[in-house]
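The values are calculated or read from the model by the stated rules, or taken from the named source; none is laboratory data. Every value quoted in this text rests on a predicted model; they were computed, and no experiment measured them. Cβ placement follows ideal geometry from the backbone for every residue including glycine, while neighbour counts extend to all protein chains displayed. Just so you know, the surface numbers come from the protein's heavy atoms only, side chains and all, with ligands and any DNA or RNA stripped out. Shrake-Rupley method; radii C 1.70, N 1.55, O 1.52, S 1.80 Å.
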Amino acid sequence: MKYVDEFRRGDIARGMAAHIHTLVQPDRQYRLMEFCGGHTHAIARYGLTGLLPDNIRLIHGPGCPVCVLPIGRVDSAIELALRPDVILCSYGDTLRVPASNKMSLYQARAKGADVRMVYSTSDALQIARDNPHKQVVFFAIGFETTTPPTALALIQARQEKLANFSVFCNHVLTPPAMRHLLAAGDAVQLDGFIGPSHVSTVIGSAPYAAVAAEFAKPVVIAGFEPLDVLQSVAMLVEQINAGRTEVETQFTRAVTAQGNAKARSLVAQTMTLRDSFEWRGLGQVPHSALAIHPDFAEFDAELRFALAYRHVPDHKACECGAILRGQKRPQDCKVFAIVCNPDNPLGSCMVSSEGACAAHYHYGRFVEGQPA
Amino acid sequence: MSKSYSRPLDLKHGLVNLTHGSGGRAMAQLVSELFAAEFANDWLAQGNDQAILPPPGGRIAIATDSHVISPLFFPGGDIGSLAVHGTVNDLAMGGATPLYLSAGFILEEGLPLADLARIVRSMAAAARTAGVAIVTGDTKVVERGKGDGVFISTTGVGVVADGVNLSGDQARPGDVILLSGTLGDHGMAVMSQREGLGFASPILSDSAALHTLAAALLAACPGLRLMRDPTRGGLATTLNEIAQQSGVGMRLQENAIPVQASVRAACEFLGLDPLYIANEGKLVAICPAEQAAAALAALQAHPLGQQAAIIGQVVADAHQFVRVETDFGGERLLDWLSGEMLPRIC
């Protein structure tokens, strides 16, 4: 695979790992947060942790779109799906997220709800065209990466006058969450961020500059291939050693400072910033999520179905919150791999392949010798 | 029997309807004009409720499998040939020579008879190639909307020669793990059809009967511990099953595991891992280290095993972990499949 295999070459990786060993100062700790679940997954999938010096600690961040979705929002989606007049369309992983009363969208489907797994917003639009007598709701989740397709769907729905289509908008934003993590009273001690590159293909690298400067933390926007991650670690180590706190881009093959102007314009037309939004693990985060713009109110599922948000606390034994804040590792959670496993997840971090717990369960738990 | 019908089945334009499962004349016509005509053997021609077969000698192996697949036709195969290959392979993995099959059809009202005929002909051809006779069967029709076109359940009977004792609990530390060819071809062929993904180089299913490959392996490697075909759940699930049955761990070398470039690219596109994707024409074998070279040579000498490879070793591990050494020299777990394989969100 041209342009993929080049970033997975074992010989280069081993060379790069050796280079990182020469860069690190032995008396120093390097606590690096990979904000995005895609990085968490790549690190676990390619066994990168084992290649790094012991004084580099990679800390999972809150960048898994399924993990940060609060239970109350999933409850609302389930409530919608159970209505006989509704077809709820959702991306796959969301179906398995545990919500209140031992429900998930999968279980709702087993109870007769019409829940359809879609691969894109255009699938949801097609379902709306094919089912004019049903209300088709797209359960929109994800970071800046998945937002432009939702924006396009809204524009297309309006052009086609698709009166039976609406969007339950739960899109969240990365820079405010990063800021919130660093500003929290009990903030985890971090020395730098491996920044999400897919997000920056849309928003660019510039939006991280203020956070990096305010909190004096370097950010390297990193690609998701294993060599990208290793190179980004080296870049962060170099910045930390030199006392620099800049936003640098490792993923130069797709990220610019300004991002994708067209995508940003589509989002700006169709969505508007919420004053505050609850994130699982982070609580209410100001200006961290998008709602449907008033110009597109007719396609806003929250208005159409008068959805009222209700906060639902996490399961008492679940440490997803602390894990999403980087304060705990999956293996620190008492229920990890015991009552909480990918087949019966107690918390959301065990659901998505990008979740910290699922990544560690699937790829890394041999380190502690956890029973299967 | 067919003489009494005024008109033959319209295999070109006709549709399955509820009378085809009612046990009456329409069903008898379907059985005689399509199933019995295509499967054509003396036992089926007797038209009895059972096939009475001569004692085969040796120990009897029996396996059953239900086939539910959408779409019914995919690049490289269809549900008919798959229903034969699946059960033949389940028998062959135990070292059995497959002899007979039964076939149960659940048809959905509205299924074009042309599609059914195509499926039945494909089944008949697959059975002839595999040297098995479809000796008894059953047909039911469900109302429109209650099926997925056709479901086919097949049960196979085979015979295992004395001295052959293959079983999933026989892997021992130090043994070698072999794979007969590239992974993920079937799963990605089906998925590319289902999702309407038009890849520039079409991926063909590897659906095939493995009994001659299995027999060649067994002949070259008398100490063979076990064989298994990595179908649903792929290689990862199969190796975890064996590790659990045998109470051992496994260590694989990722760069030794063969995957076609087109399959790897398709998996990459969808965010899937080829080690978890279904195969219908591949086998995993475990044998003592000293016979591994002979086993590999036997696999590679067979048309279905040309890309066979040694992919890892069995190790002692109380946790029964299957681990993979990545190309980077890092290590990771190759875990059981959890739930469905789902494409990533972003």
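When only the Cβ of Lys, Arg, Asp and Glu is charged (+1, +1, -1, -1), the dipole of segment B:196-320 relative to its Cα centre reaches about 120 debye.
Amide H contacts of B:VAL176 (H built 1.01 Å from N, in plane; Pro and chain starts excluded): B:CYS287, B:ALA289, B:VAL314 sit under 5 Å, all sequence-distant by 5 or more or on other chains. Note that chain A, at 10 °C in a medium of 1.306 mPa s, gets a Stokes-Einstein diffusion coefficient of 75 µm²/s from its Kirkwood radius over C-alpha pairs. Estimated from the Cβ-Cβ distance and a Förster radius of 30 angstrom, the FRET efficiency linking A:GLN126 and A:LYS262 is about 0.80. Applying a DSSP loop filter and a limit of 14 other Cβ atoms within 10 Å to the trypsin sites (Lys or Arg not before Pro) in segment A:123-205 leaves A:LYS161. Converting phi to 3J(HN,Hα) with the Karplus coefficients 6.51, -1.76 and 1.60 and the offset θ = phi - 60°, segment A:144-150 yields 4, 5, 8, 6, x, x, 5 Hz in sequence order, with x at every glycine or proline.
Axis of helix A:10-23 versus longest Cα principal axis of chain A: the two differ by about 60°, to the nearest ten degrees.
Per residue, the convex hull spanned by the Cα atoms of the protein assembly as shown amounts to 168 cubic angstrom.
Volume per residue, Å³, of the convex hull around the alpha-carbon atoms of segment B:113-224?
Spelled out: Cα convex hull of segment B:113-224, divided by residues, is 202 Å³.
Electrostatic tally near B:PHE321: other residues with Cβ closer than 14 Å to its Cβ, Lys and Arg +1, Asp and Glu -1, net -2.
For segment A:280-350, chymotrypsin sites (Phe, Trp or Tyr not before Pro) meeting the loop criterion (DSSP other than H, G, I, E, B) and having at most 15 other Cβ atoms within 10 Å: A:TYR309. Legend: mean number of C-beta atoms from other chains within 10 angstrom of residue C-beta atoms, peptide A:41-53, equals 4. Taking every protein chain into account, the 1.4 Å probe leaves A:TYR46 with about 30 Å² of accessible area, to the nearest ten.
Segment A:317-372 and segment A:249-265 have Cα centres spaced 33 Å apart. Here the extension length gained between B:ARG128 and B:ASN17 equals 37.1 nm, from 0.36 nm per residue of separation less the Cα-Cα distance. Of A:LYS134/B:LYS140; A:LYS111/A:LYS134; A:LYS111/A:LYS316; A:LYS134/A:LYS161, which pairs sit farther than 25 Å apart, going by alpha carbon to alpha carbon? The pairs that break the limit, which is 25 Å between Cα atoms, are A:LYS134/B:LYS140; A:LYS111/A:LYS316. Taking amide H as placed 1.01 Å from N in the peptide plane, A:PHE35 has its amide H under 5 Å from the amide H of A:ILE194, each at least 5 places away in sequence or on another chain.
Loop-located GluC sites (Glu not before Pro) across segment B:184-258 with a Cβ neighbour count of 16 or fewer within 10 Å are B:GLU195, with loop assigned by DSSP. State, as an integer percentage, the relative contact order of segment B:191-346 based on alpha-carbon contacts under 8 Å between residues 6 or more apart. About 35 percent, as a whole number.
Backbone geometry of segment B:297-309 corresponds, through the Karplus equation with coefficients 6.51, -1.76 and 1.60 at θ = phi - 60°, to 3J(HN,Hα) couplings of 4, 5, 5, 5, 7, 9, x, 8, x, 4, 9, 4, 8 Hz, x marking Gly and Pro.
Seen against the Cα atoms of chain A and their longest principal axis, helix A:261-270 is set at about 40 degrees. What residue among B:ALA83, B:ALA96, B:ALA293 shows peak mean-square fluctuation when chain B is described by a Gaussian network model with Cα springs under 10 Å? Evaluated over chain B, the most mobile residue of the options is B:ALA293. Bridge orientation summary for chain B: considering DSSP beta bridges with both residues in this region, about 75 percent are antiparallel.
At the residue level, A:ILE292 shows approximately 10 square angstrom of accessible surface with a 1.4 angstrom probe and all protein chains present.
When both bridge partners sit in segment B:243-346, DSSP labels roughly 65% of those beta bridges antiparallel. Amide H contacts under 5 Å for A:CYS89: A:ARG116, A:VAL137, A:PHE138, A:PHE139, restricted to partners 5 or more places along the chain or on a different chain, H placed in the peptide plane at 1.01 Å from N. Per-residue 3J(HN,Hα) values for segment A:151-167, derived from phi via the Karplus relation 6.51 cos²θ - 1.76 cosθ + 1.60 with θ = phi - 60°, read 4, 4, 4, 5, 5, 5, 4, 5, 4, 8, 6, 7, 6, 9, 10, 8, 10 Hz in sequence order (x marks Gly and Pro). Residues A:HIS362, B:HIS67 ordered from highest to lowest accessible area at a 1.4 Å probe: A:HIS362, B:HIS67. Between the Cα long axis of helix B:185-194 and the first principal axis of chain B there is an angle of about 50°, rounded to the nearest 10. Within the protein assembly as shown, what percent of beta bridges assigned by DSSP are antiparallel, to the nearest 5? Close to 50 percent.
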